[in-house]
Amino acid sequence: MRIVALEEHFTVPRIVAGIAPDAIARRGFPGPGVVWGQTIKRNELADLGDARLADMDASGITVQVLSVAGPGADLVPGQPGIAMARAYNDALAEACARHPDRYRGFAHLPMLAPEAAADELQRCVEDLGFHGVLVNGATDGRFLDDPMFEPILARAEALDLPIYIHPGIPVHPVRDAYYSNLPGNFGFIMTQAAWGWHAETAIHTLRLVLSGALDRHPRLKIVIGHMGEALPFMLDRIDETTANEAKSHLSRTVKQTLVDQVWLTTSGFFTMVPFMAALMTFGVDRILFSVDYPFASNARARAFLDALPVSTADRAKIAHGNADRLMRLPV
Ligand code: ZN
C-alpha cells in the first residue's frame, strides 16, 4: 500500500547556526543537550539521506512530505530572514531531487516579511515543485489571522495548496502564566507535547474561523496535526457557544467552517479514542496519515494505521488518497 506521511521534519544545522542564539532562547527553544522526555532528535532531523530512507522502508512508508522543525526563518527579520528561508527551501529541493519518489516538500517562509513570504511560497510551488507551506505556530506572538499575514493566506488560496499549521512553543506571557511554578521539568513539558502546543494550535485554527479569515478565503485549505489538536472533542461545544455570534459575524457556523476547510493528520497520536472522535466529526475524507518523524516512531504509526477499524478503501484514503488529492502529489 502506498503510504504518504506529511508532518515529517528536517533541519539544516548550518542554517540554524546563522540564527541569533538570543532569538532562539526568547522563542523558548531548549538549549543544546536539553531533554524533553526524550533526547531531541538532532541527528535524525539533519539526515535527508540513507538513514531516513531506511527507517521509512522498515515501516513501508512511501513518501515523506518534509518541513522545517525547530528554529527557522520566522525568527529572522528582513532580508536575512528572506535569504534564510530560500536556503532552507533550496536544501530541501536538493534532497527531493535526489529522491523524487520518496521526498516531497512544504515551503518554509520568512514570516516576518509576509509579501516576500508569499512570493517565496509561489517560487517553492512553481520552481521547486513543493506542495504547500508549513507554519510553526505564532510569529512574533501573532497568529495567521493577523492582517499582516493576509498576503500569505491569499497566495496559498490562489495556488490551491494547503497551509499546515504546526504547533510552536507558546508565547512568553502564556508560558509564564500557565506553565511556570511546577515541579521539575513539568512546566516545560506542559508548554509542549503534553498540552501547550496542542491547545495553542487549536486556538490558532479557531482564530482563523472567528476572525472571518476563512470566510474571506473560502477555498483556503488548512491542515492541522495531532488528530485535530483536540478540536474533534470540542467541536459541538464550540459550535453551540458561538452560534449566536456566528450569525452576526460569519457566513457559516464555526463547525461548518472547520469541516469545510480543515484537514487533520494522525501525527504523534496513535490511540483509538482520538481517532474515533476525528472520524465521527471531520469524517474519513479529512484524515491523513502522518508520523511526526523523527519525534514519533514510523513503526508505531504504521502499526496504528494497520489497526484502524475502517474498510480497505477508507484505510487507503487515510494512507495516501486524501493527501494525494489535497496536495496534487505525483502518484
Ligand atoms: Zn511535528
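The values are calculated or read from the model by the stated rules, or taken from the named source; none is laboratory data. The shown structure was predicted, so the numbers you read here are calculated from the model rather than taken from an experiment. Every residue, glycine among them, receives a Cβ derived from its backbone with ideal geometry; neighbour counts consider all protein chains shown. Calculation scope for accessible area: heavy atoms of the full protein, side chains included, ligands and nucleic acids excluded. Shrake-Rupley method; radii C 1.70, N 1.55, O 1.52, S 1.80 Å.
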Is it the case that segment 275-284 has a residue that's out of contact with any Gly (no Cβ under 6 Å at 6 or more places or on another chain), surrounded by fewer than 18 Cβ atoms within 10 Å (Cβ to Cβ) and within 21 Å of MET327 (Cβ to Cβ)?
yes
By residue number, the members of segment 145-186 that are farther than 29 Å from GLY132 by Cβ, outside any helix (DSSP H, G or I) and not aliphatic (A, V, I, L, M) are SER180, ASN181, PRO183, GLY184, ASN185
What's the number of the only condition in (1) under 22 Å from LEU288 (Cα atoms); (2) modelled with pLDDT under 95; (3) not polar (S, T, N, Q) that ILE189 fails to meet?
(1)
In segment 211-229, what residues are more than 16 Å from the ligand (Cβ to nearest atom) and of a type in the set (Gly, Ala, Ser)?
SER211, GLY212, ALA213
Given the criterion more than 22 Å from GLY268 (Cα to Cα) and under 17 Å from the mean Cα position of the chain (by Cα), identify the matching residue among PRO21, PRO110, PRO77.
PRO110
How about segment 298-322: which of its residues are in contact (Cβ under 8 Å) with a residue 40 or more places away in the chain and within 19 Å of ASP55 (Cβ to Cβ)?
ASN298, ALA299, ALA301, ARG302, LEU305, ALA319, HIS320
Are any residues in segment 97-118 open to solvent by 20 Å² or more (accessible area, probe 1.4 Å) and under 14 Å from GLY132 (Cβ atoms), and if so, which ones?
ARG104
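Let's see how each residue does on (1) closer than 30 Å to LYS247 by Cα; (2) away from the ligand (no atom under 16 Å from the Cβ):
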site	(1), (2)
ASP140	no, yes
TYR164	yes, no
HIS172	no, yes
THR191	no, no
GLY196	no, no
LEU208	yes, yes
Does segment 40-81 hold any residues that are touching a strand residue (DSSP E or B) at 6+ places or on another chain (Cβ under 9 Å), more than 15 Å from the ligand (Cβ to nearest atom) and among the hydroxyl-bearing types (Ser, Thr, Tyr), and which are they?
THR62
Looking at PHE295 and the list (1) more than 16 Å from the ligand (Cβ to nearest atom); (2) modelled with pLDDT under 95, which single condition is not satisfied?
(1)
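Residues are listed down the side, and each one gets a yes or a no for (1) modelled with pLDDT under 95; (2) closer than 23 Å to ILE318 by Cα; (3) among the basic types (Lys, Arg):
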site: THR62; (1), (2), (3): no, yes, no
site: ARG86; (1), (2), (3): no, no, yes
site: GLU94; (1), (2), (3): no, no, no
site: ALA97; (1), (2), (3): no, no, no
site: PRO100; (1), (2), (3): no, yes, no
site: VAL125; (1), (2), (3): no, no, no
site: ASP145; (1), (2), (3): no, no, no
site: LEU159; (1), (2), (3): no, no, no
site: TYR164; (1), (2), (3): no, yes, no
For residues that are out of contact with any strand residue (DSSP E or B) (no Cβ under 6 Å at 6 or more places or on another chain) and open to solvent by 20 Å² or more (accessible area, probe 1.4 Å), tally how many sit in segment 153-178.
14
A careful count of residues in segment 244-273 that are within 16 Å of the ligand (Cβ to nearest atom) and without any contact (Cβ under 8 Å) to a residue 60 or more places away in the chain gives 4
Where the second residue is open to solvent by 50 Å² or more (accessible area, probe 1.4 Å) and the first is over 7 Å from VAL63 (Cα atoms) and lies in segment 96-108, which pairs have Cβ atoms under 7 Å and are six or more apart or on separate chains?
CYS96/ARG104
Failed item, numbered, when ARG286 is tested on (1) without any contact (Cβ under 8 Å) to a residue 12 or more places away in the chain; (2) of a type in the set (D, E, K, R); (3) under 28 Å from LEU210 (Cα atoms):
(1)
Counting only residues in segment 6-18 that are open to solvent by 30 Å² or more (accessible area, probe 1.4 Å) and under 22 Å from the mean Cα position of the chain (by Cα), the one farthest from the ligand (Cβ to nearest atom) is identified as PRO13
Report whether or not ARG52 is of a type in the set (Lys, Arg) and open to solvent by less than 30 Å² (accessible area, probe 1.4 Å).
yes
Restricting segment 285-324 to residues that are more than 24 Å from PHE10 (Cβ to Cβ) and among the basic types (Lys, Arg), the residue that is surrounded by the fewest Cβ atoms within 10 Å (Cβ to Cβ)
ARG315
What number of residues within segment 41-71 satisfy the criterion of being over 22 Å from PRO330 (Cβ atoms) and over 14 Å from the mean Cα position of the chain (by Cα)?
13
